[in-house]
1. Might you check whether a residue that is under 26 Å from GLU251 (Cα atoms), acidic (Asp, Glu), touching a residue at least 60 places away in the same chain (Cβ under 8 Å) and outside any loop (DSSP other than H, G, I, E, B) occurs anywhere in the stretch 169-190?
2. Only one residue in LEU202, LEU281 is aliphatic (A, V, I, L, M), under 32 Å from the mean Cα position of the chain (by Cα) and modelled with pLDDT under 90. Which one?
3. Kindly list, by first and then second residue, each pair from a residue in the stretch 146-166 that is on the phi < 0 side of the Ramachandran plot to a residue that is polar (S, T, N, Q) and assigned to a loop (DSSP other than H, G, I, E, B), limited to pairs with Cβ atoms under 9 Å and residues at least 6 apart or on different chains.
4. Do we have SER100 as in contact with a Pro (Cβ under 7 Å, 6 or more places away or on another chain) and touching a residue at least 60 places away in the same chain (Cβ under 8 Å) here?
5. Of the conditions (1) of a type outside the set (Val, Ile, Thr); (2) in contact with a strand residue (DSSP E or B) (Cβ under 9 Å, 6 or more places away or on another chain); (3) part of a helix (DSSP H, G or I), SER233 clears all except one; give me its number.
6. Out of the stretch 10-31, which residues are assigned to a loop (DSSP other than H, G, I, E, B) and in contact with a Lys or Arg (Cβ under 9 Å, 6 or more places away or on another chain)?
7. Check ARG159 against each of (1) closer than 30 Å to LYS275 by Cα; (2) in contact with a Ser or Thr (Cβ under 9 Å, 6 or more places away or on another chain); (3) not in a loop (DSSP other than H, G, I, E, B) and name the one condition it does not meet.
8. Is it true that some residue in the stretch 258-265 is of a type in the set (Val, Ile, Thr), within 18 Å of GLU186 (Cβ to Cβ) and not in a helix (DSSP H, G or I)?
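The values are calculated or read from the model by the stated rules, or taken from the named source; none is laboratory data. Bear in mind that the values here come from a model prediction, so they are computed numbers and not experimental data. Cβ: placed from backbone, ideal geometry, glycine included. Neighbour counts: every protein chain shown.
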Amino acid sequence: MDVNKVKVLIQAVENGSLLATATKLGYTQAGLSHMMKSLESELGITLLQRGKFGIKLTDEGKRLMPLFKELAVIDKKLETEVELILEQKASIIRVAAIASVIRTWLPDVMVSFQRKYPEISFEIQESDGKMYQWLDQGTIDVCITSNMILRDDFIPLVRDEFFACLPKEYPLEAGAKFPLRQIEEEPFICSTCGNDYDVERLLSDYDIQLKKQNTYVDDNSVISMVSRGFGISLLPNLVLRNNHEDIKIAELDLPCYRMIGLLYGKSANTSPAVKKFVTFLKKWQFEI
């Protein structure tokens, strides 16, 4: 049953005239009369008595009118609640980001963004590989990651250099650059935080093969294991910021970096809040 027809019926009965109701609502009298007959046909009940006096409810119509009014009220409440849900959804930005971004500059970005747009809030998830799937499924709105998986819709934001992570007693003079090809001769500790994808792809360009240890641990554990002489690693600057006191850090003799950037769902349903945040990120002055 079309609720709009019910609402028109209520107004017509209150006005006592199809012509007056049609004029008020912008229908022709014939069109509104057809609408009422269609409702009666759908219900299988005659609702209105028509005559020179105008219109009035039949006994059946009188019996149903309280329910019709209740239905109209419920429909209005439903419309209002749906609008509230959509407004709330439009004011929340769901972001997935790699751990090193969440630990460093993302909080500053969000705080600055919310000063400008206090009505917009965030939902933050830490992730690596799954965020691409979440984005494509519509579970998140924006993902901030490295270009570990090459995608045409990746928007680069800032370059993040890799450094050699060495035990403090490693024989390398202060200020000297670590020879990247030396990695082939050293036990290498892999990070499970996505950096191994970046490293492997970058080193493949130099035809360098890693001598991996059978360890796949998070960034902090990589640093801890390197400090104890278990091996060496390559980690990006964002990971090493304020987190390298127990190890030796050295620049590399060959260019080795990753791009940090973003992807977002580009569709007709992309909320204005998401578009504002993407624009804000593109203009942010990153410090790496």
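1. no
2. Just a single option satisfies the conditions, and that option is LEU202.
3. Correct list of pairs: PHE154/ASN147; PRO156/ASN147.
4. So SER100 passes the test.
5. Answer for SER233: the failing condition is (3).
6. If the condition is that a residue be assigned to a loop (DSSP other than H, G, I, E, B) and in contact with a Lys or Arg (Cβ under 9 Å, 6 or more places away or on another chain), then GLY16 is the only one that fits.
7. All conditions pass for ARG159, except number (2).
8. Within the stretch 258-265, not a single residue is of a type in the set (Val, Ile, Thr), within 18 Å of GLU186 (Cβ to Cβ) and not in a helix (DSSP H, G or I).
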